[in-house]
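Scroll down for the structure; my scribbles are underneath it.
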Amino acid sequence: MGASSFRRAASITASILAVMAAFPALAKDVNLHLTAKEVNLPIDNKGTMQASWTYEGQTPGPLLRITEGDRVNITLTNDPNNKNSHSIDLHAARVDVVKDFESIKPGETKTFSFIANYPGAFYYHCGADPMYQHIARGMFGMILVDPKDAKALPKADREYVLVQSEVYNNPDDTHSIMKSDWKHVVFNGVAFKYDPVHDAAATKMLVAKPGERVRVYFVNAGPNEFSSFHPIAGIWDAVYPSGNPKNKQSGLQSFVVGPGDGATFDLISPVAGANVIVDHAMPHAHTGAMAVIMFSDDADPAMGRGENILVR
Ligand SMILES: [Cu+2]
């Protein structure tokens with residue numbers, strides 16, 4: 001290639017790069033597929049089992065993570081081995097409740113689409129009748145819509161997902177759910193799942209290093225109880241109601257998240273030691289809604305990253 005044609009090619013390349021830089025990244029099409037599965041799952045660290053209705057056999061269901069502006073094509077399959085109709089209602093979507101959120105019978109599949117215009121930590125759940133029973137049985141999860149501007153939030157060193165819910169003595173008895181006659185209030189499906197201090201059977205904790213910015217994405221699945229979300233021995237550096245960067249609040253001790261709502265919380269510990277993330281309503285905390293976060297210089301670098309954001 002001669003010098004002049006090289007200069008011409010370089011100039012064309014520079015022009016293309018300049019045009020690309022003038023526009024934000026193109027929104028993606030994201031195809032998500034969830035299967036409703038009726039399975040038995042543990043509700044405490046001893047392994048007490050309960051008949052559960054789930055997405056993908058897990059409570060909470062898979063963390064769905066997309067970026068603001070993405071077009072989401074979501075497909076729900078109701079496993080043919082199930083006995084009940086199921087649906088999916090995503091709080092990140094603006095669609096037609098009748099057409100898109102309708103329930104489907106075992107063996108059926110349906111797809112609908114939406115554009116995720118608002119960033120945040122959003123709830124998704126089954127809305128099949130009676131909805132409160134499907135939620136009480138464990139049929140919910142989080143859809144996280146990251147802001148398209150990567151600088152909209154300060155960079156987090158670690159991220160964790162906590163989904164609060166109630167576990168019922170007898171979820172077959174719909175009246176007991178309507179009376180909120182629950183046995184445990186839990187994070188991520190299991191009482192005291194990350195709290196070996198209050199339950200010797202617990203094997204897991206959340207971890208980080210002192211000084212790290214830890215971002216907790218939180219959704220309260222309910223179906224009934226409000227959460228007064230508090231880090232014992234810490235202060236929320238920032239709270240973003242619904243997880244939207246425009247909603248920033250600073251220096252909060254507790255923040256109330258109602259059933260069907262979510263928020264994003266940043267926590268920084270200046271010292272080594274433990275905080276306990278709780279729902280500060282005592283009957284909720286002391287039946288299972290406590291999670292230890294241990295701050296130490298030798299914190300496992302794999303925790304709060306990659307596959308360990310929603311710690312199973
Ligand atoms: Cu359902």
From Ala233, Ala263, Ala238, Ala221, grab the single residue that is aliphatic (A, V, I, L, M), touching a helix residue (DSSP H, G or I) at 6+ places or on another chain (Cβ under 7 Å) and either surrounded by 23 or more Cβ atoms within 10 Å (Cβ to Cβ) or farther than 22 Å from Thr59 by Cβ (or both). Ala221
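Of all residues in the range 95-120, how many are assigned to a loop (DSSP other than H, G, I, E, B), away from the ligand (no atom under 15 Å from the Cβ) and exposed (fewer than 12 other Cβ atoms within 10 Å of the Cβ)?
Initially, the range 95-120 is screened for residues assigned to a loop (DSSP other than H, G, I, E, B), giving 95-96, 101-103, 105-108, 116-119.
Of the ones still in play, those that are also away from the ligand (no atom under 15 Å from the Cβ) are 95-96, 116-119.
Checking the rest, the ones that are also exposed (fewer than 12 other Cβ atoms within 10 Å of the Cβ) come to 96.
Here the count works out to 1.
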Kindly check whether there is at least one residue in the range 127-141 that is more than 14 Å from the ligand (Cβ to nearest atom), buried (at least 17 other Cβ atoms within 10 Å of the Cβ) and part of a loop (DSSP other than H, G, I, E, B). no
Do we find that Val72 is under 25 Å from Phe218 (Cβ atoms) and surrounded by fewer than 17 Cβ atoms within 10 Å (Cβ to Cβ) in this structure? no
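When only residues in the range 23-69 that are without any contact (Cβ under 8 Å) to a residue 40 or more places away in the chain and out of contact with any Lys or Arg (no Cβ under 6 Å at 6 or more places or on another chain) count, which is surrounded by the most Cβ atoms within 10 Å (Cβ to Cβ)? Reasoning before the result, please.
Taking the range 23-69 first, the residues without any contact (Cβ under 8 Å) to a residue 40 or more places away in the chain are 23, 26, 39-40, 47-49, 56-57.
Then keep just the ones that are out of contact with any Lys or Arg (no Cβ under 6 Å at 6 or more places or on another chain); that gives 23, 26, 39-40, 47-49, 56.
Details: Phe23: 7, Leu26: 8, Val39: 17, Asn40: 10, Gly47: 10, Thr48: 14, Met49: 11, Glu56: 14.
Ranking the qualifying residues of the range 23-69, first place goes to Val39.
Within the range 221-278, which strands (runs of 3 or more DSSP E) (wholly inside it) include 3 or more residues that are touching a residue at least 24 places away in the same chain (Cβ under 8 Å)? Write out each step before concluding.
Details: elements: 227-232, 236-241, 249-252, 255-257, 261-267.
Per the criteria, 227-232, 236-241, 255-257, 261-267.
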Surrounded by fewer than 21 Cβ atoms within 10 Å (Cβ to Cβ) and touching a Phe, Trp or Tyr at 6+ places or on another chain (Cβ under 7 Å): does that describe Leu206? no
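Could you say which residue among Leu252, Leu267 is under 16 Å from Tyr194 (Cβ atoms), modelled with pLDDT of 95 or more and not basic (Lys, Arg)? Reasoning before the result, please.
Values: Leu252 fails: under 16 Å from Tyr194 (Cβ atoms).
Every option except Leu267 fails the conditions.
The values are calculated or read from the model by the stated rules, or taken from the named source; none is laboratory data. Note that this is a predicted model, so its numbers are computed, not measured. Cβ atoms come from the backbone with ideal geometry, glycine included; neighbour counts cover every protein chain shown.
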